[in-house]
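Below you'll find the structure, written out as structure tokens, and then a few comments.
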Amino acid sequence: MLNAFASLGRASTYLRWVYLLIGAALVLAFLMVGGALSSLATELQLPAALRTAAVVLLMAGPPLVLGLLPAVREVEGIAVSSLLGVVFEERPLGPARSWAQRRRTAFWFALHLVAGGLVGVLSTVVFGAGPVLLAAPFRATGRHEIVPGVEYDVTGSWKDAWMPLGVLAALAALFLISAGVGALLAHLAPRILGPSPSERLELLERRTATLAERNRLARELHDSVGHALSLVTIQAAAARRVLASDPEFAETALGAIETSARAALADLDHVLGLLRDDRRPGSGTAPQATLEELDRLVEASRAGGITITVERSGELELLPAAVSREAYRILQEGLTNAIRHSGRAHDELSVGLAIRLDHSGLRLTVTNPVSGASEHPGGGRGLAGIRERVAVLRGTVAVGRTDAGWQLAVTLPVAMTTKNEGVT
């Protein structure tokens with residue numbers, strides 16, 4: 001009982017009462033329409049049974065039809081969230097997309113009207129008769145009317161105290177009923193307005209796909225733009241050191257900076273285009289880089305004074321496009337890590353790239369000597385991104401020191417398409 005009275009002071013109780021009053025206002029509007037239709041039926045002198053059926057149909061029909069409109073679910077969702085304090089799995093609650101959702105929305109709308117009508121009638125009685133009974137003890141003794149047909153006696157004694165006490169009790173009962181009905185509606189709302197189990201599964205699948213796409217785009221940005229910025233940093237430092245003694249090399253380095261920056265902007269535009277999901281004509285995004293663009297990546301790194309050797313074997317042009325794209329990003333990130341963490345000056349750094357394709361799969365190797373302390377300690381997302389890419393393709397990753405230095409070795413299973421045989 002104490003908890004029930006304590007609920008009267010909560011803001012949620014008054015908000016739920018407001019939600020129910022909205023339902024009462026809608027009921028009043030439909031009643032006014034029904035009254036007008038009843039008067040019209042009377043004027044037309046229709047049979048009583050037909051007149052009653054027509055009025056009932058015309059009064060009940062509009063709420064049911066209105067509840068079937070797709071936008072009603074969205075409007076009710078906003079009202080339920082803000083006034084009843086319900087948090088839906090689907091946020092914000094969108095319009096009804098299926099007939100099952102429309103039927104459940106129509107049922108909820110009818111429930112809102114019935115509950116609102118009940119609380120609206122009680123509120124009208126309490127707030128209509130309440131002021132009259134509160135002032136009753138201060139009126140002259142005798143018989144008085146609250147409303148036409150309802151009378152009460154003022155005795156001028158302590159016996160009149162029941163009137164203000166009754167008003168206070170009625171107010172408390174009204175808000176307790178409103179709180180209880182509101183709590184019941186808040187409990188039912190997710191089950192009626194919210195997604196069904198099949199819709200919840202579909203929603204979960206969409207969220208999973210969205211998260212996977214965001215992860216992929218984050219890797220794209222990290223690999224492409226991060227690599228370009230690492231190259232730009234090294235090339236700018238090299239140009240600054242030899243600007244006075246070797247202007248020709250400085251000019252070459254500045255040209256490489258421009259090339260790397262343009263490539264990074266192109267990749268950034270591609271990823272942002274995917275994020276915008278812009279489908280307007282002429283707004284297509286650039287294709288993602290594959291192993292065919294590896295030479296451009298190598299030349300941009302060599303322009304900064306880095307020695308890079310590349311070994312290729314196998315018919316790389318037969319690789320599936322998805323594998324070729326991921327292989328390019330893996331080599332790009334491996335090269336970026338070699339540049340950032342080698343601990344050597346740009347003109348002393350030598351990196352080896354090996355790409356071998358045969359029927360056992362695709363093997364990618366990035367090797368660089370490690371000495372001294374790196375200016376960029378570990379803790380980034382580079383290796384984690386590589387492992388995520390390799391895991392998607394069901395490959396393996398090995399990272400560690402070897403006799404040749406630090407080595408990244410990746411193996412990817414590949415179903416190769418030969419020129420004459422099809423898929424093997």
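The values are calculated or read from the model by the stated rules, or taken from the named source; none is laboratory data. A quick note: this is a predicted structure, and the numbers were derived from the prediction, not measured. Here the Cβ positions follow ideal geometry from the backbone for every residue, glycine too, while neighbour counts run over all protein chains shown. Remember, those area values only see protein heavy atoms, side chains included, never the ligands or the DNA or RNA. Shrake-Rupley method; radii C 1.70, N 1.55, O 1.52, S 1.80 Å.
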Task: Filtered residue count, the range 317-336, keeping only those that are over 31 Å from the mean Cα position of the chain (by Cα), open to solvent by 30 Å² or more (accessible area, probe 1.4 Å) and of a type outside the set (D, E, K, R) - done: 1
TODO: Return yes or no: is A253 modelled with pLDDT under 80, more than 24 Å from P369 (Cβ to Cβ) and surrounded by 18 or more Cβ atoms within 10 Å (Cβ to Cβ)?
DONE: no
Task: Subset of the range 1-39 (residues that are modelled with pLDDT under 65, assigned to a helix (DSSP H, G or I), open to solvent by 60 Å² or more (accessible area, probe 1.4 Å) and aliphatic (A, V, I, L, M)) - done: L2, A11
Open item on the list: Going through R207, R241, R280, R276 one at a time, which residue ends up being more than 29 Å from I386 (Cβ to Cβ), modelled with pLDDT under 80 and loosely packed, with under 14 Cβ neighbours inside 10 Å?
Closed with: R280
TODO: Just give me the residues in the range 130-141 being open to solvent by less than 30 Å² (accessible area, probe 1.4 Å) and either at pLDDT below 70 or over 30 Å from L84 (Cβ atoms) (or both), in sequence order.
DONE: L133, A136
Task: Every residue from the range 147-179 that is open to solvent by less than 40 Å² (accessible area, probe 1.4 Å) and either of a type in the set (A, V, I, L, M, F, W, C) or at pLDDT 75 or above (or both) - done: V154, M163, P164, G166, V167, A170, A172, L174, F175, S178, A179
- [ ] Please give the number of the condition V126 fails out of (1) open to solvent by less than 80 Å² (accessible area, probe 1.4 Å); (2) modelled with pLDDT of 85 or more; (3) under 42 Å from the mean Cα position of the chain (by Cα).
- [x] (3)
- [ ] Return the residue satisfying two criteria in turn: it lies in the range 82-104 and is more than 19 Å from A25 (Cα to Cα) and part of a helix (DSSP H, G or I), and of such residues it is least open to solvent (accessible area, probe 1.4 Å).
- [x] Q101
Task: Qualifying residue in the range 49-70 (condition: more than 22 Å from L176 (Cα to Cα), open to solvent by 60 Å² or more (accessible area, probe 1.4 Å) and modelled with pLDDT of 90 or more) - done: no
- [ ] Read through the list (1) at pLDDT below 80; (2) more than 29 Å from R394 (Cβ to Cβ); (3) out of contact with any strand residue (DSSP E or B) (no Cβ under 8 Å at 6 or more places or on another chain), then give the number of the only condition that S301 fails.
- [x] (3)
Open item on the list: Can you find, within the range 385-414, the residue that is surrounded by the fewest Cβ atoms within 10 Å (Cβ to Cβ) among those that are modelled with pLDDT under 80 and within 36 Å of the chain's Cα centre (by Cα)?
Closed with: V392
- [ ] Test each condition in (1) within 19 Å of H187 (Cα to Cα); (2) touching a residue at least 12 places away in the same chain (Cβ under 8 Å); (3) over 18 Å from the mean Cα position of the chain (by Cα) for L64 and report the one that comes out false.
- [x] (1)
Open item on the list: Just to be sure I understand the filter: pairs with C-beta atoms under 8 Å, separated by 6 or more residues or on different chains, first member in the range 288-299 and surrounded by fewer than 19 Cβ atoms within 10 Å (Cβ to Cβ), second member outside any helix (DSSP H, G or I). Which pairs pass?
Closed with: V298/I308; V298/V310; V298/L353
